Amino acid sequence: MEDYLVRIITKDARVRGLACITTGLVEKACLRHDTYPTASAALGRALSAGALMGALLKTGQRVALKFAGNGPIRKIIVEAESTGAVRGYVAEPHVELPLKEGKLDVAGALGRTGFLTVTKDLRLKELYSGTVQFYSGEIAEDLAYYLTESEQLPSAVGLGVYMEPTGICATGGFLIQALPYSEEEVIDRLMEQIGKMGFVTDLLREGKRPEELLELLFGGIPYDTIEKRPLALRCSCSRERTEEALISLGKEELTSLANEKDRTEVVCQFCHERYLFSREELECLAKEVMH
Ligand code: ZN
């Protein structure tokens, strides 16, 4: 089944909800990065978080989530675009920890102490960036904490990764946000329903779709479905962007790279695509630094 996201808004326009299924793209990313189970769960949750954040963007905008913790994974980077394209990687993919209370120990792998930084390219002069300390290192709570504290929109996030020994079986999640002037009564009711609905992982395991997750969350609260959009694992790297990144290293660094080797290989951290540059090409790029 395809990966997709559904976005709704309550009839009074004061609470929005998003839910997604990301199984296909998470499976692909985990294979590409050869992640071990605990790292797969962490990357899976983070990619779903990225997909949810991407759906809040306007056309042409991009968002990056960086989770940097004191655990063995060290860092997770996820980027999402308004088009539904998502990409991501973990700094250390070969992390496997014992289960904790029967669950994959994502907080143990990422670290309970760390920072979540959200950077948005809103197509303005400056990038928008906000950082919060980890709330728990479990990713969903950290994102909810960031949205509530840094963006001042009280939010609840649930993310699930259901795995069997054979690999990823179902991943996805939801995000609920109280918009300005939302009524406390509705928020209380939503919180109550979140409490009752159980773990997202269990719901995904039962085969629940995004529409059904939202129904469970908003049951009894009238809402309109705004959109249903496809999600995909897609990298935005290109030879041109790699050249730009090389140029940003500066003239000195580029010249020393050119002197070191006949051919310099640049590998995209997100998709492992390789870009080769000859000595002459690097020297040419070094000249461009001047302009
Ligand atoms: Zn790439």
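From the C-alpha gyration tensor of the range 42-164, pull out the three semi-axes of the equivalent ellipsoid (sqrt of 5λ each), sorted largest to smallest, in whole Å. Write down the numbers at each step before the final one.
Values: eigenvalues 118, 44, 35 Å².
Over the Cα atoms of the range 42-164, the ellipsoid semi-axes are 24, 15, 13 Å.
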Query raised in the report: Computed from the mean reciprocal separation of all distinct C-alpha pairs, what Kirkwood hydrodynamic radius does the range 106-171 have, in Å?
Result: 13.4 Å
Report summary line: Taking 0.36 nm per residue of separation between Tyr181 and Glu227 and subtracting their Cα-Cα distance, the length gained on full extension comes to 14.3 nm
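Report the FRET efficiency, 1/(1 + (r/R0)^6), for Ser248 and Glu2, where r is their Cβ-Cβ distance and R0 is 22 Å, rounded to 0.05. Write out the running numbers ahead of the final one.
On the way: r = 37 Å, r/R0 = 1.67.
After rounding to 0.05, the efficiency reads 0.05.
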Report summary line: Filtering trypsin sites (Lys or Arg not before Pro) in the range 36-134 by DSSP loop and by at most 14 other Cβ atoms within 10 Å leaves Lys58, Arg112, Arg123, Lys125
Query raised in the report: If each of Arg14 and Glu164 carries a label point 7 Å out from its Cα toward its Cβ, how far apart are those two points in nm?
Result: 4.5 nm
Requested in this report: State, to one decimal in nm², a quarter of the convex hull surface area for the C-alpha atoms of the range 1-47, i.e. the direction-averaged projected area.
Outcome: 4.0 nm²
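Over all directions, the average projected area of the alpha-carbon convex hull for the range 140-291 comes to how many nm²? Present the calculation step by step, with values, prior to reporting the outcome.
Working: hull surface 57.9 nm².
The directionally averaged projection comes out at 14.5 nm².
For Ser256 and Ser278, what is the calculated FRET efficiency with R₀ set at 25 Å and r taken between the beta-carbons, to the nearest 0.05?
Once rounded, the FRET efficiency stands at 0.95.
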Report task. Identify the residues of the range 214-245 with backbone N under 16 Å of a label point that sits 7 angstrom from the Cα of Arg189 along the Cα-to-Cβ direction, or state none. Result -> 214-224
Query raised in the report: Taking the Cα atoms of the range 234-281, what is the range of coordinates along each of the three principal axes, in descending order and whole Å?
Result: 34, 19, 15
**Report entry** Value in Å of the Kirkwood radius, where the range 190-234 supplies the Cα pairs that are averaged
**Finding:** 12.0 Å
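Looking at the chain, what % of the alpha carbon pairs are farther apart than 29 Å?
Working: 15728 of 42195 pairs.
Percentage above 29 Å: 37.
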Requested in this report: Post the alpha-carbon centroid distance, the range 194-258 to the range 1-77, in whole angstrom.
Outcome: 4 Å
**Report entry** Nearby aspartates and glutamates by direct alpha-carbon distance to Lys125 (threshold 20 angstrom, same-chain neighbours under 8 apart not counted)
**Finding:** Glu79, Glu81, Glu151, Glu244
Report summary line: Square roots of five times the C-alpha gyration tensor eigenvalues of the range 23-86, ordered largest first and given in whole Å, equal 22, 14, 8
Query raised in the report: By how many nm would the segment from Asp34 to Glu92 grow when fully extended, if each residue of separation counts as 0.36 nm and the alpha-carbon distance is taken off?
Result: 19.9 nm
Requested in this report: Kindly provide log₁₀ I(q)/I(0) values, in the same order as q = 0.18, 0.19, 0.24, 0.26 Å⁻¹, from the Debye equation applied to equal alpha-carbon scatterers of the range 210-291.
Outcome: -0.77, -0.84, -1.11, -1.21
Report task. Give me Met163, Met197 ranked fewest to most by other Cβ atoms within 10 Å of their Cβ, as a rough exposure proxy. Result -> Met197, Met163
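Taking the range 124-225, which chymotrypsin sites (Phe, Trp or Tyr not before Pro) meet the DSSP loop condition and have no more than 15 other C-beta atoms within 10 Å? Each step should come with its number before you reach the end.
On the way: sites: Tyr128, Phe134, Tyr135, Tyr145, Tyr146, Tyr162, Phe174, Tyr181, Phe199, Phe218, Tyr223; in loops: Phe134, Tyr135, Tyr181, Phe199.
Sites meeting the loop and neighbour criteria: Tyr181, Phe199.
No value in this document is a laboratory result; all are computed from the given coordinates. Just so we're clear, the structure is a prediction, and the values are computed from it rather than from any experiment. Here Cβ is always computed from backbone atoms with ideal geometry, including for glycine, and neighbour counts include all displayed protein chains.
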